[in-house]
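Scroll down for the structure; my scribbles are underneath it.
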Amino acid sequence: MKVQDVMVKDVKVYSPTTNLAAVAETLWKEGCRPMPAPACAKEAPIETLSLKERIRRRAHELYIRRGRQSGSELDDWLQAEQEIRRAEQEACDQFTVRFALSLLH
């Protein structure tokens, strides 16, 4: 355990020659505990990302699937754009159909 990994109530200064194991033991006895791990940043839901970002991510997935070989960046981008736009259009079409059916009932 390193001193900087421990939350302390009072600031204490230690010299470079201080036995860190003894410091850690003292801090533990005084009720200081290791700091919690930093929270992981959560990725934004895909629906909230811009069209360009969704295409960029899909193109990167295609690049990885191809074994990370360069030379087909434009093809990856165009395929990703086509897939994303097609999925958006299908979602829009499904919503329109559901909405029209709801009006009939």
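Bear in mind these aren't lab numbers, they're just calculated from the coordinates by the rules spelled out. Source: prediction; values computed, not measured.
So between Gln79 and Gln94, what do we pick up on full extension, going 0.36 nm a residue minus the alpha carbon distance? Extra length from Gln79 to Gln94 when fully extended: 3.2 nm. Relative to the current alpha-carbon distance between Ala87 and Arg68, full extension at 0.36 nm per residue lengthens the span by 4.3 nm. 3J(HN,Hα) along the range 91-100, derived from phi through the Karplus expression 6.51 cos²θ - 1.76 cosθ + 1.60 where θ = phi - 60°, amounts to 5, 5, 4, 5, 5, 4, 5, 4, 5, 4 Hz, with x in place of Gly and Pro.
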